[in-house]
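Enquirer: Shown below is the structure under consideration.
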Amino acid sequence: MISYILRRTVAAVVLLLVVTAVTFGIFFLLPRLAGQTPDQLAQQYIGKSPTAADIAAVKHNLGLDQPVYLQYWHFIKGIVSGATYDLGPTTAHCGAPCFGYSFKNHIEVWPELTSRLPVTLSLAAGAAVIWLVSGVTVGVVSALKPGSFFDRTFMGVALAGVSLPMFFTGQLALLLFTYQWPIFGRTYVPITENPAQWANTLIPAWCSLALLYSAVYARLTRSGMLETMNEDFIRTARSKGLSERAVVTRHGLRAALTPIITVFGMDLGLLLGGALITERVFSLHGIGEYAVQAITDNDLPPVLGVTLLAAFFVVLCNLLVDLLYAAADPRVRLS
C-alpha cells in the first residue's frame, strides 16, 4: 500500500507539472507562435496610449522579455521556494507557494485562492452529500422494484434533472425560494460566523447542484444493482438465511459501488476546482468566479493558480478513489 501511494504521488507531481506547462504554453507560447511580440503582450496590461517606456517597464516586470522556458522555470521555482518581484521603485516578496501577482490588479494570487476556497469547499461538500445519498437511495429502490410506478417516476425525474442546465434550475430556485418566497438568505456567511445562516444561504445552491448530479448517480446505481442482484453470490447469501436488508446493503450495494465511487471522485475533484456556473448564478465568491474573471481579463497568474489547484483536487480525489476500491469491493486488490 505504501509503495502504491508513493508511486501515485510521484505520478501526481508529474501530472501537475504537465498541466502547468500546457496552461503556461497556451498563454505565452501560442501567442508568440501566432505572431504576437512581447511588446504586444505587455501592451494588453497597460491603459490607453502607452509610451514605449511604459511598455518596456511592464514587459520587464512581467518577465515577458525572457524566453518562455525561463519564465516557466521562474514560475515553478516560485511555487516551491517563493519569488521576489521587481516593481520598479520597490520590490515585493511572494512567499511559497507563490503563484505570482495578478497582471490586472497586482494582488498576490495565493491569498486570493485561499480566501475563496472555503466558499467552494462549502458548496461542493454540501451538494456532494445530498446528491450521493439521494442518488444512491433512489437507484437502489428503483432496482429492487424495476418497472414499478416508483421506478418510472424517479427515473423520469432523474432524466429531467440531468437534462436541465444549472443556469435554469439555479435561477428558478433563486426566483422561487429567495425572492418570491424569501425562505433562504441571499448573502453568503462563513460557517465560523453563523452556521445556521451559512447553511440557509447555501441550501438552494446545494439542491440545484445535487439535482444535476444525483440523476447520474441514481441511474448508475440502478443499472449496477440490477446486474449485481442476479449474481451467484447474491443467491448464495439468500440461501444462507441472511435478511433481505443485509443482502441488499452488505452484498448487492457494496459490489455495485465501484463505478459510483469512480464517478464521485471525478465529480468532486472537478467541483472543488470551482463550480463556475453555480457560483455565478448564486453570487458566491469562490474559485469558479475567480477563474471566470481571470479568463475574461486574460490574466495568466490567476488562471495558472486555479488550474493547478483544480488539477491537485482531481488527482487527490482519484487517489482516494483507488484506495477506496478495496474497501468497497473485496474482489479489488491494489498491487
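Enquirer: Return the residue satisfying two criteria in turn: it lies in the stretch 120-138 and is open to solvent by 10 Å² or more (accessible area, probe 1.4 Å) and touching a residue at least 24 places away in the same chain (Cβ under 8 Å), and of such residues it is nearest to S81 (Cα to Cα).
Expert: It comes out as L121.
Enquirer: To continue, here is another question. Determine, yes or no, whether S3 is open to solvent by 50 Å² or more (accessible area, probe 1.4 Å) and not in a helix (DSSP H, G or I). Show your work before the answer.
Expert: Working: open to solvent by 50 Å² or more (accessible area, probe 1.4 Å): yes; not in a helix (DSSP H, G or I): no.
So S3 fails the test.
Enquirer: Out of the stretch 22-55, which residues are closer than 30 Å to L324 by Cβ and out of contact with any Leu (no Cβ under 6 Å at 6 or more places or on another chain)? Break it down stepwise before answering.
Expert: Let us first name the residues in the stretch 22-55 that are closer than 30 Å to L324 by Cβ, namely 22-23.
Passing the criteria: only V22.
Enquirer: Is it true that L117 is of a type in the set (A, V, I, L, M, F, W, C), within 19 Å of P301 (Cα to Cα) and surrounded by fewer than 12 Cβ atoms within 10 Å (Cβ to Cβ)?
Expert: On the way: of a type in the set (A, V, I, L, M, F, W, C): yes; within 19 Å of P301 (Cα to Cα): yes; surrounded by fewer than 12 Cβ atoms within 10 Å (Cβ to Cβ): no.
So L117 does not fit the description; no.
Enquirer: I'd like to verify a number: residues in the stretch 153-175 that are loosely packed, with under 13 Cβ neighbours inside 10 Å and modelled with pLDDT of 85 or more, how many?
Expert: Result for the stretch 153-175: 3.
Enquirer: Report the residue count in the stretch 90-100 for those that are open to solvent by less than 50 Å² (accessible area, probe 1.4 Å) and at negative phi. Explain how you work it out, then say what you get.
Expert: Filtering the stretch 90-100 down to residues open to solvent by less than 50 Å² (accessible area, probe 1.4 Å) leaves 92, 94-95, 97-100.
Checking which are at negative phi leaves us with 92, 94-95, 97-99.
Of the residues in that region, 6 qualify.
Enquirer: When residues of the stretch 101-114 are filtered for being without any contact (Cβ under 8 Å) to a residue 60 or more places away in the chain and either open to solvent by 70 Å² or more (accessible area, probe 1.4 Å) or more than 30 Å from M166 (Cα to Cα) (or both), how many remain?
Expert: Keep residues of the stretch 101-114 that are without any contact (Cβ under 8 Å) to a residue 60 or more places away in the chain, which gives 105-108, 111, 114.
Next, from what is left, pick out any that are either open to solvent by 70 Å² or more (accessible area, probe 1.4 Å) or more than 30 Å from M166 (Cα to Cα) (or both): 105-108.
Total meeting the criteria: 4.
Enquirer: Of the residues that make up the stretch 59-79, is at least one within 20 Å of D297 (Cβ to Cβ) and in contact with a strand residue (DSSP E or B) (Cβ under 8 Å, 6 or more places away or on another chain)?
Expert: Taking the stretch 59-79 and keeping what is within 20 Å of D297 (Cβ to Cβ), we get 59, 61-64, 71, 75.
Cutting the leftovers down to in contact with a strand residue (DSSP E or B) (Cβ under 8 Å, 6 or more places away or on another chain) gives us 61.
Yes.
Enquirer: Here is a check on your reading of the model: is Y217 aromatic (F, W, Y), touching a residue at least 60 places away in the same chain (Cβ under 8 Å) and farther than 29 Å from A21 by Cβ? If you could, list the steps in order and put the result at the bottom.
Expert: On the way: aromatic (F, W, Y): yes; touching a residue at least 60 places away in the same chain (Cβ under 8 Å): yes; farther than 29 Å from A21 by Cβ: yes.
Answer is yes for this residue.
The values are calculated or read from the model by the stated rules, or taken from the named source; none is laboratory data. Just so we're clear, the structure is a prediction, and the values are computed from it rather than from any experiment. Glycine also receives a Cβ, built like all others from the backbone with ideal geometry; neighbour counts cover every protein chain displayed. The area values use the complete protein model at the heavy-atom level, side chains included, leaving out ligands, DNA and RNA. Shrake-Rupley method; radii C 1.70, N 1.55, O 1.52, S 1.80 Å.
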